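Here's the structure, in structure tokens; my notes come after.
The values are calculated or read from the model by the stated rules, or taken from the named source; none is laboratory data. Please read these numbers as outputs of a predicted model, since none were measured by experiment. Glycine gets a Cβ as well: all are built from the backbone with ideal geometry, and neighbour counts include every protein chain shown.
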């Protein structure tokens, strides 16, 4: 096991390293966890990294738990504990003495959350995680609470899969109910002769069959909520995907004022109904009939990265404020902005031309410190601020296209 402290690497048994030196249990009269306290971060990726950097400016300290050493979050944390997410004993040692814990991805087991919860509060809760980890529970939550979503059926055998597809009709989308992201575990069906091969591709796992949404665009809204029920909502973001991975986010979204207000209130209602403490990204489809809720992510979200440069308060600072019980910061948009993901494909011919990118004085580069670039891997992002959304989008996509052309 490896622990990182102040940039120094220490290897050995956890008992040989006193983590209590990182602790503070100072709280306000309202129960808020004050700066100086230690926050545990489950997950060592870029979302954890950017959350930690935001929290550091507020004066918090951080300990990261991840199976792999030296990830993006560990580079900026006070300490890192290495362990599998099913290692309940290691999770308990990680959590001992923390003031609060949060996460940067939602596929953390109930047992793992329980192990950490025995030592410190965990936000978001196991209940919200359970909803967001499983598409069956997620869609059922939408339906049962009156939130608009596509029609769906669940299948766990070839026979039930055929019945589900027959009821939903073509085209439809079949997805694994668990552990799917960035288009993984999904398959679109156009005709009956595709059903047998589609079921075989899922290898017998439970799937959800969803009606195809004939949408005009993909959007998202990020909402925060603290333990006192104070909510704050970020501007609606308009998203463009390539190969099921988010490529570009544009804010303000190109929707009417009325439609934008509806999306914001929908996100707020979902956060409140779920009992959220933390941050929630609500992914939406815009159709001719109105909004459809697609998915939830109970954490900072790729489509909220624009807030680092273009909002008075970033989604990452808001995340820390919410889990610590602090009042939310103002989310006002300071400038139209476009964000483009920088994937590992850009490294195919060597290090991209960062100097060339930064010739645009309104471009803000964010690299995550990952040491290995792989196709489809999120290595960083760039935001471009401009006087209007169209200009920001055009300049951001031109920057990414130029990086692709670099020898």
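Of all residues in the stretch 51-63, those that are in contact (Cβ under 8 Å) with a residue 40 or more places away in the chain and either assigned to a loop (DSSP other than H, G, I, E, B) or in contact with a strand residue (DSSP E or B) (Cβ under 8 Å, 6 or more places away or on another chain) (or both) total 4.
Keeping to the stretch 217-247, report how many residues are part of a loop (DSSP other than H, G, I, E, B), touching a strand residue (DSSP E or B) at 6+ places or on another chain (Cβ under 9 Å) and modelled with pLDDT of 95 or more.
Total meeting the criteria: 5.
Does residue 326 satisfy the condition of being touching a residue at least 60 places away in the same chain (Cβ under 8 Å) and part of a helix (DSSP H, G or I)? No, not satisfied. The requirement of being assigned to a strand (DSSP E or B), closer than 18 Å to residue 339 by Cα and touching a residue at least 24 places away in the same chain (Cβ under 8 Å) is fulfilled nowhere in the stretch 287-309; no residue meets it.
Note on the stretch 64-104: residues that are assigned to a loop (DSSP other than H, G, I, E, B), within 21 Å of the chain's Cα centre (by Cα) and within 22 Å of residue 326 (Cα to Cα) total 2. Is it the case, given these coordinates, that residue 250 is in a strand (DSSP E or B), in the same structural domain as residue 400 (by TED's automatic domain parsing), free of Cβ contacts under 8 Å to residues at least 40 places away in the same chain and within 21 Å of residue 390 (Cα to Cα)? Judged against the criteria, residue 250 is not a match. Considering 276, 280, the condition of being under 27 Å from residue 381 (Cα atoms) and touching a helix residue (DSSP H, G or I) at 6+ places or on another chain (Cβ under 9 Å) is satisfied by 280 alone.
Whenever a residue of the stretch 390-407 is surrounded by 14 or more Cβ atoms within 10 Å (Cβ to Cβ), its partners that are in a helix (DSSP H, G or I), lying with C-beta atoms within less than 6 angstrom and at least six residues away or across chains, give the pairs 399/357; 403/346. The numbered conditions (1) closer than 28 Å to residue 231 by Cα; (2) touching a strand residue (DSSP E or B) at 6+ places or on another chain (Cβ under 9 Å) are all true for residue 317 except (2).
If the condition is being part of a loop (DSSP other than H, G, I, E, B) and under 20 Å from residue 148 (Cα atoms), then the stretch 254-282 contributes 255, 256, 275, 276.
For the stretch 116-127, the candidate set comprises residues that are modelled with pLDDT of 95 or more and in contact with a helix residue (DSSP H, G or I) (Cβ under 6 Å, 6 or more places away or on another chain); within that set, the residue that is surrounded by the most Cβ atoms within 10 Å (Cβ to Cβ) is 122.
The selection criterion, being under 17 Å from residue 251 (Cβ atoms), at pLDDT 95 or above, surrounded by fewer than 24 Cβ atoms within 10 Å (Cβ to Cβ) and in the same structural domain as residue 260 (by TED's automatic domain parsing), does not hold for residue 361.
Looking only at the stretch 340-376, residues that are more than 19 Å from residue 306 (Cα to Cα) and outside any helix (DSSP H, G or I) come to 14 in all.
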